[in-house]
Amino acid sequence: MSAQPSATRPIEGVQLLCYADRFGGDLTQLRRLLTGPLKAFRGVHILPFFVPFDGQDAGFDPVDHTTVDPRLGTWDDIAQLADAGLAVTADLIVNHVSADSAEFQDWLRKGSASEYDGMFLRFRDVFPDGATEADITSIYRPRGGLPFTAFRGADGSRQLLWTTFKPTQVDLNVRHPAGRAYLERVLRTLAGNGVHTLRIDAVGYAIKTPGTDSFMTGDTLAYVRELTALCHATGMEVLVEVHAHHTQQLAIAPLVDYVYDFATPALLLHSLRTGTTERLSRWNDLRPRNAITVLDTHDGIGIIDAGPTTGRPGLIDEDEMAAIFAWVDAASAGVSGRASVIPAWCSLPHQANTTFFDALGGDEDAYLLCRAIQFFLPGVPQVYYVGLLAGSNDLRAWEASGDGREVNRHHYTADEISSALDTPVVQAILGLVALRDGPSFDGDYRYLQPSECEAELVWEHGAESTRLLVDLARRRTVIDVVSTGRRQRYEGVADLADLGRQLLRR
């Protein structure tokens, strides 16, 4: 059973993924970038801009999910982005809220007399008869340790609550009327201020089911259907964020408007390391067409998404995953190996914490090749702001925070952005953004494998066509465009940088 389609127009063109404070400074400056030098982008996913945007989890621990942090701007700034023709994506943080939120603090003070009683998930809500050691250790968690924290109410009582990610992030009881009312209030606020698409954050953890690992179960899929219907009722589209086995992505794709393609980054790294495209070609045949295609995000470069899980074979095996981590660690001068975190009861990290540019050792030809494949695959390409600027690892931010993900979350000044836009590799990426907006991408798609080390991706719409040929052994990228009877060839960084400079001059 599929969710009812949204009435909102689908996302088109290339999207930007960024923090407002780290890419421009605030929402006003972000709008100036997107209506100025970055006007080829058709939409933007602004990572949490709620109160506070700079909490312990970089905004994913909202104290107030219905208010724009005044240090960044107001809801009018979000609406102005939408009025400029940009599809705005915002996060719906469905699994948890901050322990400092007004709702949680009210509940700690008043207990059962609070209007928010029932909104927060207690240990006994899932395990009313208690739990065995096996019940608890089977729970899937992206961090070390156990997903529970004891809190003390004003009356002195102690209760054990679910805190899947951090002790300061208290899980919601999304099945309880109080939890549902909270989420509906957030949805109304987002929909009323120009948000086009909701990225449903961490929904794979939202439903806890005794006797399972409580991650992406049948109960989770049922909840995704319910939540999608709620979002569609407000006129917003739904993008679900789940780092999971590729078959779980395929299972959830028919239920929502968009899913992430987190497998392609790992497969591209595997293909570059081995000089072969066989695994990438296999995924091309399987991957959902309603995918948001990414290479890097604020959480790092996904590797586990292409690998095996609990006995299910992956697109690559565990030895190949380990080889990718070792290859990326060497390319990033040892940063990835030290910054990436191995979750509880796992042998490898879930993501490689490094910029994608540094994961390739700063090889501009390899970087362009990967971005070109990302843009030509069916779906909606999304470019992370650090990736757009071909950024390198921010070691100071990592050292200051202790969070390995900060290596890929640099705070760019206006001068740094301007300098990056003057570099050929960034201009080449902008050239790709412009090409991806061409009419041939509204047509039919074909994928060919001319040789073991090559891939050919072709889009055709009537007399219009755009063809990408990549050679992984030589790290060569060639794009042929036929438009209005004219043929244009772009080969490598220099040619595409010329196109990008033309775009910047307009």
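Any read-out appearing in this document is the output of simple, stated calculations on the displayed coordinates, not a laboratory observation. Since the model is a prediction, treat every value here as computed from it, not as a measurement. Here Cβ is always computed from backbone atoms with ideal geometry, including for glycine, and neighbour counts include all displayed protein chains.
How far, in degrees from 0 to 90, does helix 492-505 lean away from the longest principal axis of the Cα atoms of the chain, to the nearest 10?
It works out to around 70 degrees.
What net charge is computed for the residues neighbouring Gly361, neighbours being all others with C-beta under 14 Å from the C-beta of Gly361, Lys and Arg scored +1, Asp and Glu -1? All intermediate terms of the calculation are to be shown ahead of the outcome.
Working: positive: Arg273, Arg475; negative: Asp329, Asp358, Asp363, Glu364, Asp365.
Overall, the nearby charge balance is -3.
Hey, quick one: spin label on Arg124, modelled 7 Å out along Cα-Cβ, who in segment 208-240 has an amide N within reach, i.e. under 18 Å?
Once the point is set 7 Å along Cα→Cβ of Arg124, 210 turn out to lie under 18 Å by backbone N, inside segment 208-240.
At a Förster distance of 35 Å, what's the computed FRET efficiency of Ala333 paired with Thr137, Cβ-Cβ distance as r, to 0.05? Intermediate results must be reported in sequence, preceding the final value.
Numbers: r = 36 Å, r/R0 = 1.04.
Efficiency for this residue pair is about 0.45.
Compute the relative contact order of the chain as a whole-number percentage, counting only Cα pairs closer than 8 Å that sit 6 or more residues apart in sequence.
Details: 1041 pairs, mean separation 69.2, N = 506.
So the answer I get is 14 percent.
I want the local charge near Ile304. Using Cβ-Cβ distances under 13 Å, sum +1 for each Lys or Arg and -1 for each Asp or Glu among the other residues.
Numbers: positive: Arg312; negative: Asp299, Asp305, Asp317, Glu318, Glu320.
Surrounding charge for Ile304 is -4.
Once the other residues with Cβ under 12 Å from the Cβ of Val433 are scored (Lys, Arg +1; Asp, Glu -1), what is the net sum? If you can, show how the numbers build up before the last one.
Values: positive: Lys39, Arg42, Arg371, Arg436; negative: Asp437.
Summing Lys/Arg as +1 and Asp/Glu as -1 gives +3.
Setting aside same-chain residues fewer than 8 positions from Lys166, which lysines have a Cα under 21 Å from its Cα?
Lys208
Can you list the aspartates and glutamates whose alpha carbon sits under 14 Å from that of Lys110, skipping same-chain ones fewer than 8 residues off?
Asp155
What's the center-to-center distance, using Cα atoms, between segment 136-195 and segment 419-456 in Å?
With segment 136-195 and segment 419-456 each reduced to a Cα centre, they are spaced 41 Å.
Calculated from DSSP H runs of 4 or more alone, at -39500 (n - 2.57) each and per residue, what is the 222 nm mean residue ellipticity of the chain, nearest 500? The partial results should precede the final answer.
Values: 19 runs with 176 residues, N = 506.
Using -39500 (n - 2.57) per qualifying helix, the result is -10000 deg cm²/dmol.
Quick one: 3J(HN,Hα) in Hz for segment 68-82, Karplus 6.51/-1.76/1.60 with θ = phi - 60°, rounded, Gly and Pro as x.
Calculated HN-Hα couplings, in order: 6, 4, x, 5, 9, x, 9, 4, 4, 5, 5, 4, 5, 4, 5 Hz.
Roughly how tilted is helix 177-191, in degrees to the nearest 10 and between 0 and 90, from the longest Cα axis of the chain?
30
By average Cβ neighbour count within 10 Å, what is the ranking of 446-458, 130-142, 401-413 from highest down? Don't skip to the answer; put the middle values down first.
Details: 446-458: 15.7, 130-142: 14.1, 401-413: 19.5.
Ranking the peptides 446-458, 130-142, 401-413 by packing returns 401-413, 446-458, 130-142.
Please pull out the direction-averaged projected area of the chain, using the convex hull of its alpha-carbon atoms, in nm² to one decimal place.
Over every viewing direction, the Cα hull of the chain projects on average to 22.9 nm².
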